[in-house]
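The structure appears right after this line, and notes come after that.
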Amino acid sequence: MEIRKVPDADGEVMVYKFWDGVHFPGKVPGDAKTHIEYVLGKTYKQGDVLLATFPKTGTHWTFEILYMLLTGKAEYCPKSPVSLDYSTQEEQENLGSPRILGTHFYPKHVPRDFLEKRGKAIYVYRNPKDTAVSYYSFMKRLNIPGMTYNGKWDAFIDTYMQGTVPYNSWCEHVSAWVEFKKENPDYPILLISYEDMKKDLRRSVQLISDHLGTGHDSALLDAIASKCEFKEMFKEKTENISETDKKISLDGSNPFYRKGDVGDWKNWFTVAQNERFDMTMKKEVDKIDLPVEYTLT
Ligand code: A3P
């Protein structure tokens, strides 16, 4: 493992744990390598569900939907999600079944036994422009040593396009999971977009429920969709913020909830930034065999 200090265009430094080709955030325990080797060796338990995402693409949102479907109640999870990436071995061992294993890892870093036993997986993706805005806003709100970023949006967007943010580039991450699906066409993994979830949350809850095989009645699915609308979740997670989330926030607000919109990037990208993005990164995005929506009509 190597500690990498990556300056943005203005010289503002981001610090990573770099291992096996990936820039990991400082939150990954220890030297990252030992932690990931532990994760790779984890044993599958019946009913485990893997929730894989690139950061800022709706992880907490989808986690709540999964939690409600698996518990059979339209009630929020009182605790912060346990993450394969950041939770200690003790926290991971103490997680009760059925377990939701949240991760931003690439397929090559998720537990081998989980994949061999064909555990159910969900990969949520979000258009890369809104993801960039959410990423920047999140990093500016953080109070985690080694992860706090004081840079400007204009410098961040270039760093993001170059893929020197935690977990590398959006394209590399999404491509890795799309390739995983292509190479394992029968693997039970559901690829779903943030934009589709925004368009019709009730339908998305049904899709996820069908994928998990939870077989709930329509009244429960209605209630879950309604509880997981942004306004409802924002209120709950702001009023009842967990101690874990409060600790990592600079101002005590919940950094995982902000606007919850599709197309907010238009309020951030200047014409020049948008052109730069479309000339470089968007071309790579368009090569990925997956529909990506930047606005909702
Ligand atoms: P914004 O910063 O654009 O508002 P993650 O959980 O992967 O960190 O993703 C965080 C993003 O998901 C934030 O996006 C957050 O507001 C949004 N989000 C959280 N709950 C949501 C919900 N119920 N509906 C829509 N977006 C939600």
Query raised in the report: Could you state the per residue volume, in Å³, of the convex hull enclosing the Cα atoms of the chain?
Result: 129 Å³
Report summary line: Accessible-area order for 265, 177, largest to smallest, probe 1.4 angstrom, reads 265, 177
**Report entry** Per residue, in Å², the accessible surface of the chain once ligands and nucleic acids are set aside, probe 1.4 Å
**Finding:** 45 Å²
Query - Fully extended contour minus Cα-Cα distance, from residue 143 to residue 266, at 0.36 nm per residue - result: 41.6 nm
Query raised in the report: Out of residues 5 or more away from residue 23 or on other chains, whose amide H comes under 5 Å of its own, with H placed 1.01 Å from N in the peptide plane?
Result: 167, 168
Requested in this report: Starting at the first residue of the stretch 2-13, write each ³J(HN,Hα) from the Karplus equation 6.51 cos²θ - 1.76 cosθ + 1.60 with θ = phi - 60°, in whole Hz, x for Gly and Pro.
Outcome: 10, 8, 10, 10, 10, x, 7, 4, 9, x, 6, 9
Query raised in the report: Within the accessible area of the chain, what % is carbon and sulfur when the probe is 1.4 Å and the other protein chains stay in place?
Result: 51 percent
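Place a +1 charge on the Cβ of each Lys and Arg in the chain and a -1 charge on the Cβ of each Asp and Glu, then give the dipole magnitude about the Cα centre in debye, rounded to the nearest 20. If you can, show how the numbers build up before the last one.
Numbers: 40 positive and 44 negative charges, 36 e Å.
In total the dipole reaches around 180 debye.
The values are calculated or read from the model by the stated rules, or taken from the named source; none is laboratory data. Predicted model only: the values in this text are computed from it and were never measured. Because the Cβ atoms are built from the backbone with ideal geometry, glycine has one as well, and the counts that use them run over all protein chains shown. We work out accessible area using only protein heavy atoms, side chains counted, and drop any ligands, DNA or RNA first. Shrake-Rupley method; radii C 1.70, N 1.55, O 1.52, S 1.80 Å.
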